[in-house]
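What follows is a single structure, written as structure tokens, with notes after it.
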Amino acid sequence: MSAHISKSKFKAKALEYFRKIEASGEPIIITEHGKPKLEIRRLPQQHANPRDKLKGSVLRYDDPFEPVGVDDWEALK
């Protein structure tokens, strides 16, 4: 369940709320005059290295050292 916090309370303790969101992963809803206006949440985890995302994606690996001729390039056709 998301916590609801007024703008004025959030402004006074923003860093504390950021740390709380980062640690728990629970979003916080910021209200203005009792109405929800913003939701602050942690970003989804990103891969540190793009190669990690590609790991295991090679389906075929014939002969990478074979020369490529001009006729082999589809873009030139």
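The values are calculated or read from the model by the stated rules, or taken from the named source; none is laboratory data. These numbers come from a predicted model, not from an experiment. Virtual Cβ from ideal backbone geometry, glycine too; neighbours counted across all protein chains shown.
The residues of segment 14-56 that are touching a strand residue (DSSP E or B) at 6+ places or on another chain (Cβ under 7 Å) and among the basic types (Lys, Arg) amount to a single one, LYS37.
Of all residues in segment 6-23, those that are more than 13 Å from LEU43 (Cα to Cα) have Cβ atoms under 9 Å from Cβ atoms of residues that are among the basic types (Lys, Arg), 6 or more apart or on another chain, in LYS7/LYS37; TYR17/LYS9. Cβ-Cβ contacts under 9 Å between residues 6 or more apart (or on different chains), taken from a first residue in segment 38-61 that is modelled with pLDDT of 80 or more to a second residue that is in a loop (DSSP other than H, G, I, E, B) and exposed (fewer than 10 other Cβ atoms within 10 Å of the Cβ), are listed as ARG41/GLY25; ARG42/GLY25. Before we move on, is SER57 surrounded by 10 or more Cβ atoms within 10 Å (Cβ to Cβ) and small (Gly, Ala, Ser)? Taking the combined requirement at face value, the residue does not satisfy it. When segment 22-77 is filtered for residues that are part of a helix (DSSP H, G or I), more than 23 Å from ILE5 (Cβ to Cβ) and of a type outside the set (A, V, I, L, M, F, W, C), the ones remaining, listed by number, are PRO50, ARG51, ASP52, LYS53, ASP71, ASP72, GLU74. Only a single criterion out of (1) at positive phi; (2) surrounded by 10 or more Cβ atoms within 10 Å (Cβ to Cβ) is not satisfied by ARG42, namely (1).
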